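I have placed the structure first, in the form of structure tokens, so that the comments after it can refer back to it.
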Amino acid sequence: MKVRLVYPTGKVANPVISQIVLNTGIMVNILEAKVTPTSGEMIVDIPARGTRLEETITLFEKSGVHVEKIPAIVSIRNEKCISCGACVSPCPVQAIRQNSDWSVELDEDKCVNCLICVDACPVRAIVSA
């Protein structure tokens, strides 16, 4: 799950992510970061589900970091999709694939919300939320 981490003043210098990775064994992936000496905001992917995900979020919050869950940003409108595959090859992380029946499928766990697929779709069947 992708989440936004907002670091308040005084927490930026703390190795919060490193400590959580050590404690949980879950490899948190930083997708985007804006950090100054006084504050910070990051978009990270936490590759966990269910209880492990909630425990990891709780650890961030106990460390003084505000956590906002990010819902899926990209979706495929299947009723509009013509299964041309124009969105498949531009995806830098292979989050979109074309199945043997030619249908197009999005793997939200792999998606990094770059929106390249939105621009690549000739019929605008892929939309950003």
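Here, each number is a calculation from the coordinates, and none is a lab measurement. This one's a predicted model, so the numbers in the text were calculated from it and none came from an experiment. Virtual Cβ from ideal backbone geometry, glycine too; neighbours counted across all protein chains shown.
Remark: the chain carries a charge dipole of roughly 180 debye about the Cα centre, counting +1 on each Lys and Arg Cβ and -1 on each Asp and Glu Cβ.
Derived scalar couplings between HN and Hα for the range 9-15 equal 3, x, 9, 4, 6, 7, x Hz in order, rounded to whole Hz, by the Karplus curve 6.51 cos²θ - 1.76 cosθ + 1.60 (θ = phi - 60°), x for Gly and Pro.
The mean sequence separation of alpha-carbon pairs under 8 Å and at least six residues apart, normalised by the residue count of the chain, gives a relative contact order of 25 percent. Remark: spin-label model distance Leu31-Thr9 equals 3.0 nm, labels positioned 7 Å along the Cα→Cβ axis.
Karplus-based coupling profile of the range 23-36, in residue order and whole Hz: 6, 9, x, 8, 7, 6, 9, 7, 9, 7, 8, 10, 10, 10, with θ = phi - 60° in 6.51 cos²θ - 1.76 cosθ + 1.60 and x standing for Gly or Pro. The calculated FRET efficiency for Gln94 paired with Glu41, based on their beta-carbon distance and R0 = 25 Å, is about 0.35. May I ask you to derive the relative contact order of the range 8-59, considering only C-alpha pairs under 8 Å and at least 6 residues apart, and to give it as an integer percent? For the range 8-59, the relative contact order is 34 percent. With the charge dipole of the chain set up from +1 on Lys and Arg Cβ and -1 on Asp and Glu Cβ about the Cα centre, the Cα lying farthest toward the positive end among the listed residues Asn99, Val88, Val74 is that of Val74. With no solvent and one point on each alpha carbon, what is the Debye value of log10 I(q)/I(0) for the range 2-69 at q = 0.21, 0.23 Å⁻¹? Summing over Cα pairs of the range 2-69 leads to -0.82, -0.99.
How many percent of Cα pairs in the range 4-129 exceed 21 Å? Intermediate values should be presented prior to the final figure.
Working: 3825 of 7875 pairs.
The calculated P(r) of the range 4-129 puts 49 percent of pairs beyond 21 Å.
Here the peptides 34-42, 110-118, 70-78 are ranked by packing, the mean other Cβ count within 10 Å, and the order with the highest first is 110-118, 70-78, 34-42. Can you work out the base-10 log of I(q)/I(0) for the range 1-41 at q = 0.27 1/Å, using the Debye formula on its C-alpha atoms alone? Rounded to two decimals, the profile gives -1.05. The amide H of Lys2, built 1.01 Å from its N in the peptide plane, has Ile46, Ile70 as neighbours under 5 Å, considering only residues 5 or more places off or on other chains. On full extension, the segment bounded by Leu22 and Ala72 gains 15.3 nm, given 0.36 nm per residue less the C-alpha separation.
Take the residue pairs Lys62/Lys110; Lys2/Lys34; Lys69/Lys110 and return only those whose Cα atoms are more than 18 Å apart.
On the way: Lys62/Lys110 27 Å; Lys2/Lys34 16 Å; Lys69/Lys110 16 Å.
Those over the limit are Lys62/Lys110.
Based on C-alpha pairs under 8 angstrom that are at least 6 apart in sequence, the range 72-129 has a relative contact order of 48 percent.
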